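Scroll down for the structure; my scribbles are underneath it.
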Amino acid sequence: MGQLVRWVFVVLGTLSVALGVIGVFVPVLPTTPFLLLAAFFYARSSDKFLDWLLNNRVLGAYVRNYREHRGMLAQDKLLTILALWLGIGLSGYLAVASPAGRLALLAIAAAVTWHLLRIRTLRPPLPKTPQEPAGVPAPVDQD
């Protein structure tokens, strides 16, 4: 692959990340497809950028879990669905006057909700409790 193509893929990947981040706040703009597209472009052009995306503090686990078909955390699903319906509801109420436009927004929200609910739900790992040293009795509750 030529240097120009790699550069174009890095630019397209970065643009995809930007659109994905904007999609977090704009309900009609999808987040996940843009982040996955960014991973696709980065995987073919720059290990450095792919590593940054997959290990990003905010987006990394989300992209890795989705990309590896693991699923989404229940709290992420809930937050995403709430933000989706709030954004669609406000857009439909404040910005869209036509009944057809409102119906289209409703259909989009329903389809995205259905898609999110079909994604496997991950359970966060239980926190590890410190082990008691051998030979030391556990504290006893006294009422």
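The values are calculated or read from the model by the stated rules, or taken from the named source; none is laboratory data. Everything numeric here is computed off the predicted structure, so don't read it as measured data. Virtual Cβ from ideal backbone geometry, glycine too; neighbours counted across all protein chains shown. These area figures cover heavy atoms from the full protein model, side chains too; ligands, DNA and RNA do not enter into them. Shrake-Rupley method; radii C 1.70, N 1.55, O 1.52, S 1.80 Å.
Its relative contact order, with pairs defined as Cα atoms under 8 Å and 6+ residues apart, puts the stretch 33-83 at 22 percent. If R0 equals 25 Å, the separation of the Cβ atoms of residue 73 and residue 93 corresponds to a calculated FRET efficiency of about 0.25. The long axis of helix 32-43 is offset from the longest Cα principal axis of the chain by roughly 90 degrees. Full extension of the segment from residue 115 to residue 128, taken as 0.36 nm per residue of separation minus the current Cα-Cα distance, would add 1.4 nm. For the chain, the longest principal axis of the alpha carbon atoms and the long axis of helix 99-118 meet at an angle near 30°. Where only DSSP H runs of four or more residues are counted, the chain gives -21000 deg cm²/dmol as its mean residue ellipticity at 222 nm, each run worth -39500 (n - 2.57).
Normalised per residue, the accessible area of the chain is 73 Å², obtained with a 1.4 Å probe and no contribution from ligands, DNA or RNA. The angle separating the long axis of helix 74-94 from the principal Cα axis of greatest extent in the chain is about 30 degrees.
The slack in the chain from residue 36 to residue 5, taken as 0.36 nm per residue of separation less the alpha-carbon distance, amounts to 9.3 nm. Split the accessible area of the chain by element, probe 1.4 Å, and carbon with sulfur accounts for 67%. Would you please give the FRET efficiency between residue 66 and residue 28, computed as 1/(1 + (r/R0)^6) with r the Cβ-Cβ distance and R0 = 35 Å, to the nearest 0.05? Computed FRET efficiency for residue 66 and residue 28 comes out at 0.95. If you compute Rg/Rh (Cα atoms, Kirkwood Rh) for the structure shown, which of (i) 1.18; (ii) 1.10; (iii) 1.07 do you land on? Given (i) 1.18; (ii) 1.10; (iii) 1.07, the structure-derived one carries the label (i).
Relative to the Cα centre, the charge distribution of the chain, modelled as +1 at Lys and Arg Cβ and -1 at Asp and Glu Cβ, gives a dipole magnitude of about 580 debye.
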